[in-house]
């Protein structure tokens, strides 16, 4: 009998749920359980925000939801240094505070099936509140809402939010919902905001502080821009354009999607030294003030970039906010949709620009910057815990994914894709959907699945080679990883015979494709596999074509051939198939004859980068006078390129005469009759201080006095010690970054770290590499999404020595358990070092 009772007991225990483990971060298992069992989620939040950033921010959250399973303890996410849980009330009963491993845990005995109400009083840490002396703003992407308040911090558990902010009387407050009322409370004012539509926690946001507000109305809706800009000229020159671009974006996307703007309001906040270009919170979208308020007379490209940014963030209101990816392994989805739609919005505004050229310039080189490295990753990446979600962001998401999206549109047609996206948005409004849901809508014949697998789920790029064999052409695709993958795509081959251009298109669907009798009209003088700028991969350029491009590429009439040629020539240089000196000489030869403004400026930036990062000291000296002479001459005859030319001069003028020219330009605030912007003058002062140490303090003091914007002045005061001639001062700057509170202004930190490891002075500063890499896991946990890669890129980008390469290798060998996503970031940033100094015996 006891035996049977024991068996029954074991069977009963087996039928019970296994308890959900409590662990750091938000595991996929925890997120899936909560998504399955929690519904009708509603957060009522209040925060008391003192004027002093030294005082703590206290808050209260009331979470109401339907729960259909009480067999598990319920875990709320709440983390961060300085976080405090004061009390927990579950369904009207005050319960013991149980706070473990970044979670506030409500015992299942206090829960009930049906409606539950959990009230938690807390103190917020400052990690994601971005507190400044007289303003703050939240930034919760991807899993940072739980650093401000207890919540279910996952994208596939959307909730409605109501918010109360109590702030000093002379502050303004902005939230996702419209403000319903403002109630004075002595020296403070309570701002009450209306309930939102369902949102994931990473899109909940608020801003408070000393801001000015400007409003405009369009189609019956009021739009408000909050800002801290104190230059009347900048406001006058930019405000109307900002609002008009916003109105156009909303109208265009409503038309494309067939869905009216899906949220209650659209306010913009221009943030000084903002970490990103923008962040798409519904009702309180944040933008970088530098990207909004353009200086002087902006170039057409600067105007286009701003228009594209506004369209991009506005696109997110539908793609990402209305319909959200289920998990951050598909974070690329919201970005690729936004890029794709933004291009459609801005293209008609700039008819003088070749849109195919802009797309090529915007995405291919940046995607290759990762895809060529040992740290490359697929577009969709595995993610077992949201604490690592920030490591997924990078150029593959923002630049390779748009290339794939355009390929998809080319394969199925514009109308089919538009209708598919409209169905996608309508079917999943205010919910979650991923790439597979879209493909299932579009894949009417089953052909998209295999195509998608290689492009979306696999890392890397193919190597494409063309070989002339008699009258035939052999096109070969090689998989660098040896997996025999085929990246299906269309190639447009272009070649010249007797100065006459010829073209042929092929569908690349196998490793070897032979064209017979292609050259019966004569042998090609040069041949190139990327005539329309759409081919993706390392396109190996033969020596004959390299020689022609080096002398005559600017004479080729098709701008897409020229643009693709420069991108692929640079890739050939970086892959070791072209000498850096030859690449620099090619630009010097062709730049004066380039007629396209976008391509001209890209060539100029390539020349500057090649000079700084790819030429050795002897090669720099050999080309110095030629490069300085070219830029000086172009400054005299190309006022339309003055901004780009001045930036190039600041980067590469290093001879005695060149430095004298820069110093004179900085004093007069004009470089060869071209007015320098405040940003250029600041950058130039840092260059001069580093190169003329005996005058450094005087130069920097004068430049600081020129800055009348308090936010810009604070930034300058932060970064100027990084160019000190005193090693002890520089070391103190670097050592200060070990403390999280000294990394709060991430763009300032990134600039300082880059200056400390400047390519011109990096020799002897390899000592910073190991301790900076050791900080990377902490930076990933405490910083915003782009900070880990920017940190390691600013650290390693300027180093060119064997000692630096060995420092990276030594660190990775000594840390075999280093988090894999962060190791990829290191390999991406160190690619130039690991290529230059290979270690065959002990590879990383």
(message) How would 424, 364, 837 line up from fewest to most surrounding beta-carbon atoms within 10 angstrom?
(response) 837, 424, 364
(message) Under the 0.36 nm per residue contour assumption, what length would be gained going from the current alpha-carbon distance of residue 490 and residue 108 to full extension?
(response) 131.8 nm
(request) Just subtract the alpha-carbon distance of residue 547 and residue 251 from 0.36 nm times their residue separation and send over the number in nm, one decimal. (result) 101.7 nm
(request) Could you compute the FRET efficiency for residue 302 and residue 742, with r as their C-beta to C-beta distance and R0 at 41 Å, rounded to 0.05? (result) 0.80
(message) Restricting to DSSP H runs of at least four residues, report the calculated mean residue ellipticity at 222 nm for the chain, -39500 (n - 2.57) per run over all residues, nearest 500 deg cm²/dmol.
(response) -13000 deg cm²/dmol
(message) Please report the antiparallel percentage of the DSSP beta bridges confined to the chain, to the nearest 5.
(response) 80
(message) If you split all Cα-Cα distances of segment 1-210 into 10 Å bins from zero, what percentages do you get per bin, shortest first?
(response) 8, 33, 33, 16, 6, 3, 2, 0
(request) Could you tell me the distance between the Cα centroids of segment 512-548 and segment 35-96, to the nearest Å? (result) 62
(request) Provide Rg over Rh for segment 742-784; use the alpha carbon set for both Rg and the Kirkwood Rh (inverse mean inverse pair distance). (result) 1.00
(request) Find the relative contact order for the chain and round it to a whole percent, using C-alpha pairs within less than 8 Å whose residues are 6+ positions apart. (result) 8
(request) Evaluate the distance, in nm, between pseudo-label points positioned 7 Å from the Cα of residue 585 and of residue 697 along their respective Cα→Cβ axes. (result) 4.7
(message) Relative contact order of segment 711-844, please, whole-number percent, based on alpha carbon pairs below 8 angstrom and at least 6 residues apart.
(response) 22
(message) Could you sort the peptides 263-269, 711-717, 614-620 by per-residue average Cβ neighbour count (10 Å cutoff), highest mean leading?
(response) 263-269, 711-717, 614-620
(request) Just need log10 I(q)/I(0) for the chain at q = 0.07 Å⁻¹, Debye formula, equal scatterers on the alpha-carbon atoms, no solvent, rounded to two decimals. (result) -0.58
(message) Need the full-extension length gain, residue 806 to residue 23, defined as separation in residues times 0.36 nm minus the C-alpha distance. One decimal, nm.
(response) 278.3 nm
(request) Using the number of other C-beta atoms within 10 angstrom as an exposure proxy, rank 256, 600, 670 with the fewest first. (result) 670, 256, 600
(request) Kindly put 341, 650 in sequence by how many other C-beta atoms sit within 10 Å of each C-beta, fewest to most. (result) 650, 341
(message) Once you keep just the Cα pairs under 8 angstrom separated by 6 or more residues, what percentage relative contact order results for segment 319-457?
(response) 39
(request) Evaluate the distance, in nm, between pseudo-label points positioned 7 Å from the Cα of residue 366 and of residue 94 along their respective Cα→Cβ axes. (result) 5.3
(request) Classify segment 469-539 as rounded, prolate or oblate from the Cα gyration tensor: take a ≥ b ≥ c as the square roots of its eigenvalues, call it rounded if a/c is under 1.5, otherwise prolate when a/b beats b/c and oblate if not. (result) prolate
(request) With a ≥ b ≥ c taken as the square roots of the eigenvalues of the C-alpha gyration tensor of segment 726-844, please select rounded if a/c is under 1.5 and otherwise prolate if a/b is larger than b/c or oblate if it is not? (result) oblate
(request) Apply 1/(1 + (r/R0)^6) to the Cβ-Cβ distance of residue 616 and residue 506, taking R0 = 35 Å, and write down the FRET efficiency to the nearest 0.05. (result) 0.30
(request) Quick one: Debye curve from the alpha-carbon atoms of segment 319-457 only, equal weights, vacuum; give me log10 I(q)/I(0) at q = 0.09, 0.13, 0.19 Å⁻¹ to two decimals. (result) -0.27, -0.59, -1.25
(request) Could you work out how far apart the two model spin labels at residue 195 and residue 474 are, taking each label as a point 7 Å from the Cα in the direction of the beta carbon, and quote it in nm? (result) 7.0
(request) Can you tell me the order of 212-222, 819-829, 147-157 when each peptide is scored by its average per-residue count of other Cβ atoms within 10 angstrom, highest first? (result) 147-157, 819-829, 212-222
(request) Can you tell me the FRET efficiency between residue 577 and residue 36 if r is taken as the Cβ-Cβ distance and R0 is 41 Å, rounded to the nearest 0.05? (result) 0.20
(message) Please list, by residue number, everything in segment 529-563 whose backbone N is under 16 Å from a paramagnetic label point 7 Å out along Cα→Cβ of residue 523.
(response) 542-548
(message) Please give the Cα centre distance for segment 266-328 versus segment 769-816, rounded to the nearest Å.
(response) 29
(request) Order the peptides 167-175, 691-699, 281-289 from the highest to the lowest mean number of other Cβ atoms within 10 Å of their residues. (result) 281-289, 167-175, 691-699
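Quick note: the coordinates plus some simple rules give every number you see, no bench work behind them. In this text the structure is predicted, and so the values were computed from the model without any measurement. For neighbour counting, all protein chains shown are included, and Cβ atoms are generated from backbone atoms with ideal geometry for every residue, glycine included.
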